[in-house]
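Heads up, the thing below is written out as structure tokens.
Bear in mind these aren't lab numbers, they're just calculated from the coordinates by the rules spelled out. Because the structure is predicted, anything quoted here is derived from the model rather than measured. Cβ placement follows ideal geometry from the backbone for every residue including glycine, while neighbour counts extend to all protein chains displayed.
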Amino acid sequence: MKYKVAWNSPRQGIQSTIVDALGPMQAQEQVESLYAHIDGFRLISTSPVFEKKERSEPQQSYSSESSYNSSSGSDDDFSTTIGGVALALGGFIILFGLFTLPTGIGAMLLGGAIGWLGWKLACWLSDRGW
């Protein structure tokens, strides 16, 4: 895992170095072994570096025949399905609340919350590459 180790010295100022290490203590030891000879050297902080995965778009070939393969969906099929199911469920609960007014106001609020949470979950899953 990569760690960002920040350090300070009077002549260098605040610096940071990214190192590969098994843990934060090993990352600090690596930076100390590199820069401990500098006068006034001291460690400030150590934090993990999370790398965002780059999604590569699949290359598409265009042909004159149009065929549909249900197993070759896009990367966002799962998140779209989850979001769609939650939104449909929320919409159904809102409609139920409309038909049972005035006691259905709670159902309408619940349906709105489920729909909103489903949309947020779909966005979160899509950002994570699901």
Original post:
Applying the Karplus parametrisation 6.51 cos²θ - 1.76 cosθ + 1.60 with θ = phi - 60° to the phi angles of the range 10-23, what ³J(HN,Hα) value in whole Hz is obtained for each residue in order, glycine and proline being reported as x?
Top reply: x, 7, 8, x, 7, 10, 9, 9, 9, 10, 8, 8, 6, x
Original post:
Binning every alpha carbon pair distance of the range 77-127 at 5 Å from zero, what are the percents per bin?
Top reply: 5, 27, 24, 17, 12, 8, 5, 1
Original post:
How high is the FRET efficiency between T100 and L121 when r is their beta carbon distance and R₀ equals 30 Å, given to the nearest 0.05?
Top reply: 0.65
Subject >> Full-extension gain in nm, A88 to R11, via 0.36 nm per residue minus C-alpha separation >> reply: 21.5 nm
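Take every Cα pair under 8 Å in the range 2-49 that's 6+ residues apart, average their separations, divide by the length, and report that relative contact order as a whole percent.
Numbers: 82 pairs, mean separation 24.7, N = 48.
About 51 percent, as a whole number.
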